[in-house]
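Read the structure below first, then the notes.
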């Protein structure tokens with residue numbers, strides 16, 4: 001039995017899925033007993049252990065799960081078989097879906113992330129766009145300490161992201 005949260009009775013239908021608002025049953029992490037959370041389809045969408053939480057207008061549905069100390073907030077949506085775990089934060093208008101895994105210390109503010117497992121040891125590329133904002137994508141460079149080289153594909157991806165207002169922030 002879940003001792004972390006309950007359903008408030010509030011529901012809404014998004015994309016044909018009935019979502020239910022949650023409310024904390026106890027204090028944990030930065031959540032206090034009685035705090036209303038975001039919207040989930042079923043109890044299994046949030047792990048009963050750790051400090052994982054869905055806030056505000058954020059939505060988690062399908063077989064997606066938020067676990068560990070991960071947080072999903074803003075207008076973010078996590079669905080399909082996606083997992084957001086560890087200390088990961090998904091927020092803003094970000095969409096994480098399919099078989100994507102987001103975990104570790106990564107923060108995703110906007111964009112579409114699907115079918116990729118991202119963590120601090122995943123083979124991906126990072127390119128600083130501007131002012132500490134990074135484009136992170138699967139490739140040959142390791143996330144973190146390596147200085148990635150930019151190529152035409154990277155430049156095109158950066159241009160497309162800028163045109164659409166997307167960004168990923170790295171601490």
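Read the figures in this text as sums done on the coordinates, not as results from a lab. All values reported here derive from a predicted model rather than from experimental measurement. Neighbour counts are summed over all protein chains in view; Cβ atoms, including those assigned to glycine, are modelled from backbone coordinates with ideal geometry.
Sticking with the crude label model, points 7 Å out along Cα→Cβ, report the distance from residue 99 to residue 51 in nm, one decimal please.
Result: 3.2 nm between the two label points.
Post the alpha-carbon centroid distance, the range 82-100 to the range 35-56, in whole angstrom.
A separation of 13 Å, based on Cα centres.
Assuming 0.36 nm per residue, please report the length gained on full extension of the stretch residue 43 to residue 25 beyond their Cα-Cα distance.
Between residue 43 and residue 25, full extension yields 5.1 nm more.
What is the distance, in nm, between label points placed 7 Å from the Cα along the Cα-to-Cβ direction at residue 15 and at residue 81?
1.7
Starting from the Cα-Cα distance between residue 36 and residue 1, subtract it from 0.36 nm times their residue separation and give me the gain in nm to one decimal.
10.7 nm
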